[in-house]
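Just below is one structure, and these are the notes that go with it.
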Amino acid sequence: MVMQFGVLVTKCPAIDSGFQLPFDKQKIQVLIYSHAFAPRIGGVQTLVMSLAKGLAGRNTDGMSIQVTVATPTPRGAFDDASLPFAVVRQPSLRQLVRLIRAADVIHLGGPAFLPLIFGLLMGKQVVVEHSVYQSICPNGLLLDERTKTACPGHFMNGRYGQCWSCNAANQSRGKSLALLLFTFPRRWMCKKVARNVVPTAHVGRRVELPRTVTIYHGVPDSPVPPLAEVPSPATAVTFAYVGRLVSEKGLNLLLESARRLHAEGAAFHLKFIGDGPERAGLEAAVDKFELRPRVTFTGYLQGDNMERALAGVTALVMPSIWEETAGLSAMEHMMRSRLVIAADIGGLGELVDGAGLKFPMGDIDALASCMKRVIDDPALAKSLGKMAGERAQDLFGEKRMVAEHLALYRQIVGVPV
C-alpha cells in the first residue's frame with residue numbers, strides 16, 4: 001500500500017515489475033473508454049465499435065468477456081439497444097469511478113486524462129491505444145499549425161516554446177498553454193500503464209513508451225472482391241481520395257499533381273469522396289486550374305452510395321503531410337485489392353510497404369510521376385492491387401485485431417494465453 005495524490009492505493013505489480021497477478025474469475029470485465037463514439041463518425045469511433053463488438057460475449061477456454069463502453073458522446077438518434085454491449089454515455093464522475101472499479105481491464109482509446117488517473121490510482125490494468133500522438137505532442141497530430149507542415153518533434157526535444165506558439169496559431173494563448181501543460185502528466189501516466197498499444201511500429205518508435213506492443217488496426221475481413229478489369233486505352237484511369245477534406249491530408253498537393261498531368265494531356269479522372277472545411281478552397285482551386293471536367297466532389301458518402309462511387313476507381317491516393325499513425329482508408333482499400341498511392345510518412349509507408357506506390361511527403365513531382373505510371377500502365381494497378389489484398393488479409397483483418405487484443409488482456413490479468 002502506498003500514498004499517491006493523498007489517496008491510499010494498492011500498487012499493481014503487473015505495472016511496476018511485469019509480474020502477472022493470478023486471476024481466478026471466469027469472466028474478464030473490459031471497460032473501453034472513448035472520447036468519440038457513435039453516432040459521431042471517424043477512425044477512432046469505427047475502431048472502438050469494431051473492437052467492442054468483436055469482444056462482446058466472446059468465450060475462449062471457458063473465459064468469457066463482458067464489455068462496457070463509456071463515452072462523453074451524446075446518443076442522439078443512435079440506437080444503443082441494438083449493440084451487443086452496454087454503453088454508458090456522458091457518465092458522471094461517480095459513475096466513471098464505479099465503472100473503473102468494476103473492470104478488470106481499462107482500455108482507453110487515447111490517453112484520456114480522468115480515466116488514466118483513476119485507473120492508475122485504483123491499481124487497475126490500464127491499456128492505452130495511441131491512435132494519435134497525444135503523449136508526445138500537445139495537439140496530438142505532430143503537425144505545426146503555423147506552417148501546416150510535419151512537426152520535427154518539438155515537445156520531445158524540449159522546445160516547449162515552439163509547442164505553445166504552434167497551437168496559439170489557431171486558438172487562444174491560454175488554451176495553447178493548457179494543452180502544453182497537460183501533455184507532461186499525460187505522458188508520465190502513459191509510462192505507468194500496463195500496456196501501450198500502437199497501430200504501427202512507426203508510432204511505437206515515435207512515442208518511446210515502455211511496455212509498447214504493436215497491434216495493427218483491423219477492417220472487416222470481407223472476401224476480396226474480384227479485381228476490376230484493366231481500363232481500355234479509351235477509358236480514363238480514375239483516382240480517388242477518400243476521407244475528411246482537411247489541410248493535413250495534403251489535398252492541395254493532389255490537385256497540383258492533377259494540374260500537371262492535365263497540362264501533359266494525360267487522360268484521367270479524380271474523385272474527392274468526403275467532406276470537410278477545405279472543400280470550398282479545393283473547389284476554387286479546381287476552377288482556377290481549369291480542372292472541372294477532370295474532378296468530382298461527391299460529399300460524404302457511406303454504404304451503397306460509397307460503393308457506387310468507388311466502382312471503377314483504379315487507385316486510392318493518400319498525399320498526407322502529417323505523420324498518420326495508421327491510415328484506416330488505406331487498409332480498407334487494400335482489403336478490396338485496390339492500389340494505394342501514399343505519401344511515405346508516418347504509418348502510411350509501413351502499411352503500403354511493397355504492395356503499393358509511395359512518394360516522398362510533399363513532393364508534387366513524385367506524386368504526379370506515380371499517377372502517370374498508372375495512367376501509362378493500368379495493368380500495374382491490378383498487379384499491385386492483388387499484392388495489397390494479400391497483405392491486408394494477412395495483417396489488417398478485424399478478427400485478427402480482436403484476437404490480439406483479447407490475448408493482450410488475458411496476458412495482463414494473468415490468464416494463460
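Regarding the chain, what whole-number volume in Å³ per residue does the convex hull of its Cα atoms give?
153 Å³
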* Asked: Does anyone have the angle between helix 251-263 and the longest principal axis of the chain? Alpha-carbon axes, 0 to 90°, nearest 10?
  -> 20 degrees
* What ³J(HN,Hα) values, in whole Hz, does the Karplus curve 6.51 cos²θ - 1.76 cosθ + 1.60 give for segment 139-148 when θ = phi - 60°, with x put for Gly and Pro? -> 8, x, 10, 6, 10, 7, 5, 6, 10, 6
* Structure fact -> Mean-square fluctuation maximum in Gaussian network of the chain, Cα pairs under 10 Å, restricted to G153, G265, G346, hits G265
* List the aspartates and glutamates whose alpha-carbon lies under 16 Å from that of K399, not counting same-chain residues fewer than 8 positions away? -> D221, E332, E390
* **Charge tally in the Cβ shell below 12 Å around T73, where Lys, Arg are +1 and Asp, Glu are -1, T73 excluded** => +2
* With only Lys, Arg, Asp and Glu charged, each at its Cβ (+1 for the first two, -1 for the last two), find how big the charge dipole of the chain is about the Cα centre; round to the nearest 20 debye. => 1320 debye
* Asked: Any idea what the relative contact order of segment 237-395 is, in percent, if you count C-alpha pairs under 8 Å spaced at least 6 apart?
  -> 25 percent
* Structure fact -> Charge tally for neighbours of R400 with beta carbon under 12 Å away, counting Lys, Arg as +1 and Asp, Glu as -1, is -3
* To do: Note down the nm distance, to one decimal, between modelled labels 7 Å out along Cα→Cβ at L93 and at R373.
  => 5.6 nm
* Structure fact -> A correct Karplus calculation of ³J(HN,Hα) over segment 373-386, with 6.51 cos²θ - 1.76 cosθ + 1.60, θ = phi - 60°, whole Hz and x for Gly and Pro, returns 4, 5, 5, 6, 9, x, 5, 4, 5, 5, 5, 6, x, 4
* Structure fact -> Listed residues Q302, Q29, Q393; largest mean-square fluctuation, Gaussian network over the chain with Cα springs below 10 Å, found at Q302
* Asked: Using Cα atoms only, what is the angle between the long axis of helix 93-102 and the major principal axis of the chain, expressed in degrees (0 to 90) to the nearest 10?
  -> 80 degrees
* For segment 335-342, just list the computed ³J(HN,Hα) in residue order, Karplus coefficients 6.51, -1.76 and 1.60, θ = phi - 60°, integers in Hz, with x standing in for Gly and Pro. => 5, 7, 6, 10, 5, 10, 9, 10
* Structure fact -> Given 106-118, 316-328, 89-101, 394-406, the highest-first ranking by average Cβ count within 10 Å works out to 316-328, 106-118, 394-406, 89-101
* Asked: Amide H of G414: which non-local residues (sequence gap of 5 or more, or other chain) have their own amide H closer than 5 Å, using H built in the peptide plane?
  -> none
* Structure fact -> Interchain or sequence-distant (5+) residues whose placed amide H lies within less than 5 Å of the amide H of T238 are H269, T314, A315
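Pull out the extension gain between R75 and T296, defined as 0.36 nm times the separation in residues minus the alpha carbon to alpha carbon distance; nm, one decimal.
Working: separation 221, 0.36 × 221 = 79.56 nm, distance 3.34 nm.
Between R75 and T296, full extension yields 76.2 nm more.
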* Asked: By a straight-distance test (C-alpha under 30 Å), which lysines pair with K175 as possible cross-link partners, with residues fewer than eight away in the same chain excluded?
  -> K148, K191, K192, K249
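Using per-residue counts of other Cβ atoms within 10 Å, averaged over each peptide, order 165-172, 121-128, 267-274 from highest down.
121-128, 267-274, 165-172
Using 0.36 nm per residue, how much length does the chain from S247 to T147 gain when fully extended, once their Cα-Cα distance is taken away?
On the way: separation 100, 0.36 × 100 = 36.00 nm, distance 1.06 nm.
Fully extending the segment from S247 to T147 adds 34.9 nm.
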* segment 237-395: percent of C-alpha pairs farther apart than 20 Å? -> 45 percent
* Structure fact -> Non-local residues with an amide H under 5 Å from the amide H of H107, with H modelled 1.01 Å from N and Pro and chain starts lacking one, are L31, I32, Y33, V127
* To do: Using only Cα atoms, tell me the angle between helix 43-55 and the longest principal axis of the chain; keep it within 0 to 90° and round to the nearest 10.
  => 50 degrees
* **Sum of side-chain charges, A112 neighbourhood, beta-carbon under 11 Å (Lys, Arg +1; Asp, Glu -1)** => 0
* Asked: Relative contact order of the chain: what whole-number percent is it, with Cα pairs under 8 angstrom and at least 6 residues apart?
  -> 15 percent
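Bear in mind that the values in this text are calculations on the coordinates, not laboratory data. Here the structure is a predicted model, which is why all the values come from computation and not from measurement. We place every Cβ from the backbone using ideal geometry, glycine too, and count neighbours over all the protein chains shown.
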